[in-house]
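The values are calculated or read from the model by the stated rules, or taken from the named source; none is laboratory data. Worth saying up front: this structure is predicted, and the values here are computed from it rather than measured. Positions of Cβ are backbone-derived with ideal geometry, glycine not excepted, and every protein chain shown enters the neighbour counts.
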Amino acid sequence: MEIKAVKFRADGFYSQPFAFGGEEGPEKFDRDVRYRGSLQNYLIDTGSEVILVDTGLPAGTPEEKPDENSPAFTGHDIASYMEAFARLGYKPEQVTKILLTHRHADHSGELRSFPNAKVYVNRDELGADELKGLNNLVPVDFTDGPFFNFPHSQLIALGIHFIKAAGHTRGNSIVIVEKDDRFYMIHGDITYVDEALYENKLSVVFDDKQAARETLDRVREFIRNHPTVYLSTHTPQGYENLEADRVMDFNKPVPTVLAEVNFDNQQATGKYVCSICGYVYDPAEHDGVAFDDLPDDWRCPRCKQPKDKFNKA
C-alpha cells in the first residue's frame, strides 16, 4: 500500500490568529506570525484499488491576492488538481473510491471528474451545495463501532478506516490508514498547521466549537498512544511528514519554519475568493455589487464565514 500527496498549491500562509484563535479569540495571538501554507490532498494505492481522500479545488479557481491584513492564503497554483493527479501516473477511470473529509471546495472540487468512483461521505454532509447533482454518493453511517478512542468508524477497505470527526463541519470525517507499524491520519482540517496540533489550539473555522474541541482532543489522545504520521491538507508539513515517514511526538515538535511572504502589487480582478472553501465572489454575477460594498455582516454563501476570510483574486 502506498500513500501519495496530490500537490496543487504552494507558498501560502496561515496567520497565528487564524490557526490558533478558535477558543481564546484571534486577538490573543500575533497576526504577524504566519505559518507555511499549501494545498494538497492524498491518494491511497492499495495495489488493487486507487482511493482518493478529497479532490482539490475546481479547475479555474482563481488565485487569491493577500495583503498584510489577510488571515489566510491558500497559495499559488503549482497545477490544477487534475494535472497534479495525472503527474502521479494515474488516470481518472482507475479511481474506485473517494473518501470525502468534508464539503468545502478545496476538498470536493473535482468529484465530478472521476466517472467510476463511489464517493463515500458522512451522511451529515449530504445536503451541501458542493455535492448537489452527484449520483455516485455513498452515505456513511459509521456502523462498524469504535476505532480505538474514536466512537464511530466505517471500514472502507483492509486497513483503511473512515472516522466520524465532527466540528470543522458538522459532517467532518478523517481517514486513518494502517500500514506496517504506523497509522497515517489524513484529517482534512482538524488543524491548518501542525503547530496548532502541538499547541492544542483550534482554528477559527468550525461549524460546532464543542464538537471541534472533542475531535481535537481525540486526535491528540490517539497520537499520544499510537505511532501516527499526521497528513494535513493546508501546510507542506503534511507531505513533509509523509515523505519523512515522521511519527508525531508532542515532546519533540518539529521546529517551525515561518512563511516567506511577499505582498506584491499584482493587479486584482475585482473578484474575491473565500480562503476557507474557495467560493468566488464575482460582482458580475451579483448585479455589479462590489465586494467592498457588501454589508459588514455578509457571509460566504457556502461556508458562512465572514468577509475577512476573503482575499482579492
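Any residue in the stretch 205-226 that is part of a loop (DSSP other than H, G, I, E, B), at negative phi and touching a Ser or Thr at 6+ places or on another chain (Cβ under 6 Å)? Spell out how you get there, then give the answer.
As a first pass, look at the stretch 205-226 and keep what is part of a loop (DSSP other than H, G, I, E, B): 205-208, 226.
Keeping just the survivors that are at negative phi gives 205-208, 226.
After this cut, where a residue has to be touching a Ser or Thr at 6+ places or on another chain (Cβ under 6 Å) as well, the list is 207.
Yes, the stretch 205-226 contains a residue that is part of a loop (DSSP other than H, G, I, E, B), at negative phi and touching a Ser or Thr at 6+ places or on another chain (Cβ under 6 Å).
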Scan the stretch 166-179 and give yes if some residue there is surrounded by fewer than 22 Cβ atoms within 10 Å (Cβ to Cβ), in the same structural domain as T46 (by TED's automatic domain parsing) and either of a type in the set (S, T, Y) or assigned to a loop (DSSP other than H, G, I, E, B) (or both), otherwise no. yes
Could you tell me whether the stretch 242-263 includes any residue that is outside the structural domain of Q40 (by TED's automatic domain parsing), in a strand (DSSP E or B) and touching a Pro at 6+ places or on another chain (Cβ under 7 Å)? no
How many residues, within the stretch 52-69, are out of contact with any Gly (no Cβ under 9 Å at 6 or more places or on another chain) and farther than 12 Å from Y272 by Cα? 5
Checked the stretch 168-180 for anything under 13 Å from the mean Cα position of the chain (by Cα) and of a type outside the set (A, V, I, L, M); matches are H168, T169, N172, S173
Of the residues in the stretch 66-96, those that are among the β-branched types (V, I, T) and either part of a loop (DSSP other than H, G, I, E, B) or touching a His at 6+ places or on another chain (Cβ under 7 Å) (or both) come to T74, I78
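Being within 18 Å of K179 (Cα to Cα) and either in contact (Cβ under 8 Å) with a residue 40 or more places away in the chain or assigned to a loop (DSSP other than H, G, I, E, B) (or both) is the filter here; which residues of the stretch 227-240 pass it? Before the answer, list the steps.
At the first step, the residues of the stretch 227-240 found to be within 18 Å of K179 (Cα to Cα) are 227-232, 238-240.
Within the stretch 227-240, P227, T228, V229, Y230, L231, S232, G238, Y239 qualify.
Aromatic (F, W, Y) and under 17 Å from the mean Cα position of the chain (by Cα): which single residue out of F148, F206, F183 fits that description? Steps first, answer last, please.
Values: F148 fails: under 17 Å from the mean Cα position of the chain (by Cα); F183 fails: under 17 Å from the mean Cα position of the chain (by Cα).
Of the residues listed, the single one that is aromatic (F, W, Y) and under 17 Å from the mean Cα position of the chain (by Cα) is F206.
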